[in-house]
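**Student:** Please find one structure pasted underneath; my questions will follow.
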Ligand code: FAD
């Protein structure tokens, strides 16, 4: 109840106040701050995946601008020798306005990433985008198999089936690379599991499928139960270290993160930055009021 209230009120609160409790989840507004946040993580043996904030744009001029910004980000981060790669949200390039131009923009970004020997992950957005984002990946993977990956969401009823379909294109030489997460958007029960333990169970089922079919698994969760179960599964299937990693969000559960690193597993942190942080934070809150709990906590725990 309180969470919902806060989530509804937040978009009307002054930016400065919202920043007080958002700042621990965002590296900053500028490329320089993104680079600095990434370097600090690299110094702790943590790889990054860098994300410029922004999504669901309104005009294709914004899409072009965002593409140019990403090209600059890839140039800057690679020349600074940051250990990491890049994540992007296709609606930031006009996925829901003009999918062909969106594809061309993302292709150009992935092409630069491949020239620089780095990698671009296509984030998965809400359910209206899933087919389109799978299609993007299916088009890009044959051309850039080592330089592009996708996210899959365990809460969607369709996900295991999507993985089975994608597996038909999987190559032993360039294993498909998927980030597996629970999923952040509010989706109807018809298409998504709603029960907490049901989502956990499907997360593990999807992970086992990925492991058994020699896909690269980026295990993105802060849920200790899932971390422990994933570690058991990695051991059970004797998964090589080159075939999996753990991922967490910037500023979230640093102790659990450290314990995974201490056990010798690769960790990557999602580093969001950019001027669009206010919309990002407030939209996330409206979509998932449960996150308000973390924000309330952040108000008191500094
Ligand atoms: P939860 O049960 O939600 O969280 C476990 C514990 O982690 C909580 O009890 C809490 O202590 C802590 N925690 C979790 N989230 C937060 C937070 N925001 N602030 C503070 N503490 C927190 N979703 C998508 O739909 N598409 C994507 O492309 C996508 N990319 C992601 C990339 C990464 C690297 C990660 C880690 C998540 C991504 N997500 C994405 C979000 C994901 O789907 C979940 O919504 C989110 O990770 C919370 O689920 P959880 O597995 O951590 O478990």
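The values are calculated or read from the model by the stated rules, or taken from the named source; none is laboratory data. Keep in mind that what you see is a predicted model, and the values were worked out from it rather than measured. Cβ coordinates were reconstructed from backbone atoms using ideal geometry, including for glycine residues, and neighbour counts include every protein chain displayed.
**Student:** If we scan segment 113-120, do we find a residue that is within 16 Å of the ligand (Cβ to nearest atom) and in contact with a strand residue (DSSP E or B) (Cβ under 8 Å, 6 or more places away or on another chain)?
**Tutor:** Looking for residues that are within 16 Å of the ligand (Cβ to nearest atom) and in contact with a strand residue (DSSP E or B) (Cβ under 8 Å, 6 or more places away or on another chain), one finds at least one in segment 113-120, hence yes.
**Student:** Of the residues 144, 196, 178, 203, only one is away from the ligand (no atom under 13 Å from the Cβ) and either surrounded by 13 or more Cβ atoms within 10 Å (Cβ to Cβ) or free of Cβ contacts under 8 Å to residues at least 60 places away in the same chain (or both); which?
**Tutor:** Values: 196 fails: away from the ligand (no atom under 13 Å from the Cβ); 178 fails: away from the ligand (no atom under 13 Å from the Cβ); 203 fails: away from the ligand (no atom under 13 Å from the Cβ).
Result: 144 is the single residue among 144, 196, 178, 203 that is away from the ligand (no atom under 13 Å from the Cβ) and either surrounded by 13 or more Cβ atoms within 10 Å (Cβ to Cβ) or free of Cβ contacts under 8 Å to residues at least 60 places away in the same chain (or both).
**Student:** Of all residues in segment 217-236, which are loosely packed, with under 13 Cβ neighbours inside 10 Å and away from the ligand (no atom under 11 Å from the Cβ)?
**Tutor:** 228, 232, 235, 236
**Student:** Pick out the one residue from 275, 286 that is modelled with pLDDT of 70 or more, outside any strand (DSSP E or B), surrounded by fewer than 18 Cβ atoms within 10 Å (Cβ to Cβ) and more than 10 Å from the ligand (Cβ to nearest atom).
**Tutor:** Every option except 275 fails the conditions.
**Student:** Being in the same structural domain as residue 221 (by TED's automatic domain parsing), surrounded by fewer than 16 Cβ atoms within 10 Å (Cβ to Cβ) and within 13 Å of the ligand (Cβ to nearest atom) is the requirement here; does residue 161 meet it?
**Tutor:** Details: in the same structural domain as residue 221 (by TED's automatic domain parsing): yes; surrounded by fewer than 16 Cβ atoms within 10 Å (Cβ to Cβ): yes; within 13 Å of the ligand (Cβ to nearest atom): no.
Criteria not met by residue 161.
**Student:** Among the strands (runs of 3 or more DSSP E) confined wholly to segment 38-136, which include 2 or more residues that are under 26 Å from residue 267 (Cα atoms) and without any contact (Cβ under 8 Å) to a residue 40 or more places away in the chain?
**Tutor:** Here the list reads 84-88, 120-122.
**Student:** Separate question: Hey, among the residues in segment 74-93 that are within 14 Å of residue 274 (Cα to Cα) and within 12 Å of the ligand (Cβ to nearest atom), which one's surrounded by the most Cβ atoms within 10 Å (Cβ to Cβ)?
**Tutor:** Of everything passing the filter in segment 74-93, 88 is surrounded by the most Cβ atoms within 10 Å (Cβ to Cβ).
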